[in-house]
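Reading through the structure tokens given below for one structure.
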Amino acid sequence: DSGVTQTPKHLITATGQRVTLRCSPRSGDLSVYWYQQSLDQGLQFLIQYYNGEERAKGNILERFSAQQFPDLHSELNLSSLELGDSALYFCASSVSGGFSEAFFGQGTRLTVV
Amino acid sequence: AQKITQTQPGMFVQEKEAVTLDCTYDTSDQSYGLFWYKQPSSGEMIFLIYQGSYDEQNATEGRYSLNFQKARKSANLVISASQLGDSAMYFCAMREPSTGNQFYFGTGTSLTVIP
């Protein structure tokens, strides 16, 4: 158990819908990262938050947004979903925003039908 | 240029034997971190081992060791005494300050342990 909790584990939804993925980081970790893993794109960095503030942005679509709350949990919002958004979405957390160890949650498997 | 290169899409190893998974990286930063993660078929990403660029000793964690050759920019993972449960995808990754310390992942190596 990495200590990072992601909910839900599985999500099936229709095209055009909106979903919210939730991540609770390990106790004491201030940094949260979101990644998308698909068969054709591999693991893609989406966005990073550190202590409530956006720190870095990767290949995140405009239809996607995220935030980190005062209690440090984070949510990734995906809207106007398309079939191609079907993927495994990971959250990772680390103590700082540096390059030390980071631990991943179990992921949320999103299927858009 | 790719930040992380894993050239072995698939590897096979006999149970109880050692196996080396290759990883090369590209960075201009002096300080950076190198990682290996295991992803079994269930999907979770399991942290295996970490090597900081300034660490002089190769990192070891149980049966896992990281063969760090800084001048060659390689960070190979060595798994000793392979077990059936080691069958999984293995990802090499790097974090560097100049790009915000996000993870860069390789394309992975699928390891199959043969009984």
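The values are calculated or read from the model by the stated rules, or taken from the named source; none is laboratory data. The model shown is predicted, which means the values in this text are computed figures rather than measured ones. For neighbour counting, all protein chains shown are included, and Cβ atoms are generated from backbone atoms with ideal geometry for every residue, glycine included.
Of note:
- Strands (runs of 3 or more DSSP E) fully within segment B:1-106 that include at least 1 residues being more than 22 Å from A:GLN44 (Cβ to Cβ), among the polar types (S, T, N, Q) and within 14 Å of another protein chain (Cβ to nearest Cβ): B:46-52.
- Among the residues of segment B:51-65, those that are out of contact with any Asp or Glu (no Cβ under 9 Å at 6 or more places or on another chain) and surrounded by 15 or more Cβ atoms within 10 Å (Cβ to Cβ) comprise B:GLN51, B:GLY52, B:ASN58, B:ALA59, B:TYR64, B:SER65.
- Flag if A:GLY52 is over 9 Å from the mean Cα position of the chain (by Cα) and small (Gly, Ala, Ser): yes
- Filter result for B:PHE68 (among the aromatic types (Phe, Trp, Tyr) and under 29 Å from A:ARG109 (Cα atoms)): no
- Cross-chain or 6+ apart pairs with Cβ under 7 Å, segment A:31-57 first and at the interface with chain B (Cβ under 7 Å from one of its Cβ atoms) and of a type in the set (D, E, K, R), then surrounded by 14 or more Cβ atoms within 10 Å (Cβ to Cβ) and not in a strand (DSSP E or B): A:ARG55/A:GLY97; A:ARG55/B:GLY100
- Among the residues here, A:GLY42 does not qualify as within 23 Å of B:THR109 (Cα to Cα) and touching an Asp or Glu at 6+ places or on another chain (Cβ under 9 Å).
- In the condition set (1) part of a strand (DSSP E or B); (2) of a type outside the set (Phe, Trp, Tyr); (3) farther than 17 Å from B:GLY43 by Cβ; (4) modelled with pLDDT under 95, A:GLN44 is compliant with all but (3).
- In segment A:85-112, residue farthest from B:TYR37 (Cα to Cα) [restricted to those that are at pLDDT below 95 and more than 10 Å from chain B (Cβ to nearest Cβ)]: A:VAL95
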